[in-house]
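Novice: To start, I am sharing the structure in question, which I have written as structure tokens.
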Amino acid sequence: MMKYKLLTLLLLVMTTVAMAQKKDKPAYQLFTAEGKSISYGKMLKELQEAEVILFGEQHNDPIAHWLQLEVARDLHRENPKQFAIGAEMFEADVQLVLNEYLAGQAPEKNFEQEARP
């Protein structure tokens, strides 16, 4: 009897997991400039052709920040020698501080104090 209960429970859990995996719950939806839906892969291919990519966002939007990171990683992976990031939150006068931090020459504590992010 116990074996039957465990088997039933296992079947129930497996069914629930299988059903949950079928549901499509994307965290975001991508659109072209014309308002048409586009896949991440196709968007990435189009972005690889661009000389400059600007990210627009609402501040404090974790999904947008995550997507920006993913796009940046994927673009860098495709062409690391032609990849650069500009960050609008840093003033031009802290470029040296930023360079030193990114090169591993300045500790994070110093960077946070001097860069005024």
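Novice: Residues of segment 29-48 being of a type in the set (S, T, N, Q) and free of Cβ contacts under 8 Å to residues at least 24 places away in the same chain, which ones?
Specialist: Selection gives Gln29, Thr32, Ser37, Ser39.
Novice: Would you mind stating whether Ile85 is without any contact (Cβ under 8 Å) to a residue 40 or more places away in the chain and outside any loop (DSSP other than H, G, I, E, B)?
Specialist: In short, no.
Novice: Quick one: which of Tyr28, Tyr4 is among the aromatic types (Phe, Trp, Tyr) and at pLDDT 80 or above?
Specialist: When all the criteria are applied, what remains is Tyr28.
Novice: Moving on. Regarding segment 82-89, can at least one residue be identified that is within 22 Å of His59 (Cβ to Cβ), at pLDDT below 90, out of contact with any Lys or Arg (no Cβ under 6 Å at 6 or more places or on another chain) and not hydrophobic (A, V, I, L, M, F, W, C)?
Specialist: yes
Novice: Go through segment 52-62 and count every residue that is over 16 Å from Arg73 (Cα atoms) and assigned to a loop (DSSP other than H, G, I, E, B).
Specialist: 6
Novice: Output the qualifying pairs, or none if there are none: Cβ atoms under 6 angstrom, residues six or more apart or on different chains, first residue in segment 92-103 and within 13 Å of Pro117 (Cα to Cα), second residue surrounded by 11 or more Cβ atoms within 10 Å (Cβ to Cβ) and of a type in the set (Asp, Glu).
Specialist: Matching pairs, first to second residue: Val97/Glu114.
Novice: Among the numbered criteria (1) in a loop (DSSP other than H, G, I, E, B); (2) modelled with pLDDT of 90 or more, which single criterion is violated by Lys42?
Specialist: Evaluating Lys42 over (1) in a loop (DSSP other than H, G, I, E, B); (2) modelled with pLDDT of 90 or more leaves (1) as the failure.
The values are calculated or read from the model by the stated rules, or taken from the named source; none is laboratory data. Every value quoted in this text rests on a predicted model; they were computed, and no experiment measured them. So basically every Cβ, Gly included, is an ideal-geometry build from the backbone, and we count neighbours across all protein chains shown.
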